[in-house]
Amino acid sequence: MKKSVFVLAALFAAVTLFTINIADAQWRNPTHDVYNAPTGIDVTIDGNLDEWGEVMDAVTGTDGSPFCGVEFEGVGGAVKVFEEHGGGKWNNADDQTVCFMIAWNPDAAYIALSVTDDEHQNSGAAWNGDAAQLAFEPTGKRTGGLALFLYNVALDGNAENLILHNERTNGQPGLEAGTDVAITRDEGAKKTYYELRFTPANFGVDSFSEGIEVGLGICVNDGDVDTPGQKGWGGWYPHSVVHGKNSEKTGLVVLTSTAVTAVEPADKLATTWGNLKSVK
């Protein structure tokens with residue numbers, strides 16, 4: 001009798017785990033679920049992305065396309081690159097498109113965002129309007145109910161002052177404006193550039209090393225002058241942040257040994273990155 005109970009319990013646990021994995025899998029992008037972060041980039045946190053060189057071209061999904069305008073599953077199951085919210089409208093790629101890059105060394109991991117956005121709008125908070133919200137699941141397991149580290153950053157409505165909210169640091173040091181975060185707005189190009197630095201201390205570890213896996217969600221909110229506030233979002237697995245904080249809805253970042261050499265930016269127009277930012 002005890003053996004039968006044990007077998008039934010084990011079978012129930014296996015079925016439950018399978019059901020959870022299937023539920024999690026529906027959020028996985030079939031081509032852009034894993035970002036293999038390279039090393040070897042010397043990054044300065046200043047909101048100028050010139051030193052990132054060929055990273056956008058070097059790291060692609062399994063279909064060969066970059067991590068730019070990545071599709072995600074929204075509410076109701078519709079797949080999209082932008083999800084409207086609260087009366088906001090998304091007209092086309094010029095309204096908002098999110099591209100991102102990640103690099104690392106033993107002392108820090110870096111994230112760069114290049115956001116095409118035809119209007120800059122912020123309602124005074126690091127989430128309400130044009131802003132980036134990031135969620136980290138440090139174990140890389142990406143199942144429900146795991147601890148998240150949460151950070152929100154934005155430029156104010158005049159695109160002059162940085163707004164930083166260390167929403168959840170789990171007892172570890174948060175980010176510091178200027179040292180760890182810089183955001184710049186190029187109004188002529190209609191682009192906003194984010195550059196962020198995370199140290200091992202932010203996550204309570206001694207150093208970063210090859211093979212580490214981390215869950216990551218990037219939610220870039222969008223507001224416009226006539227529809228201010230959080231009126232929609234794009235990014236990479238943004239549902240890790242919106243409609244609750246959901247560790248199972250993060251993408252996977254893997255720290256690799258691949259080295260990407262930074263290039264001299266003068267007079268360069270990279271095949272992909274040049275479409276995001278012309279360098280003179």
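The values are calculated or read from the model by the stated rules, or taken from the named source; none is laboratory data. Note that the structure is a prediction, hence the values are computed from the model and not measured. Heads up, the Cβs are rebuilt from the backbone with ideal geometry, glycines too, and the neighbour counts pull from every protein chain shown. Surface accessibility is based on the protein's heavy atoms, side chains included, excluding ligands, DNA and RNA. Shrake-Rupley method; radii C 1.70, N 1.55, O 1.52, S 1.80 Å.
Structure notes:
- Förster radius 25 Å - calculated FRET efficiency between residue 169 and residue 213 (Cβ-Cβ, nearest 0.05): 0.75
- Per residue, the accessible area of region 88-195 comes to 38 Å² when a 1.4 Å probe rolls over the protein heavy atoms.
- The length gained by stretching the chain between residue 177 and residue 143 to full extension, at 0.36 nm per residue less their Cα-Cα distance, is 9.1 nm.
- Subset of 141/191; 89/191; 191/231; 190/249; 80/231; 80/191 violating a 23 Å alpha-carbon distance limit: 141/191; 190/249
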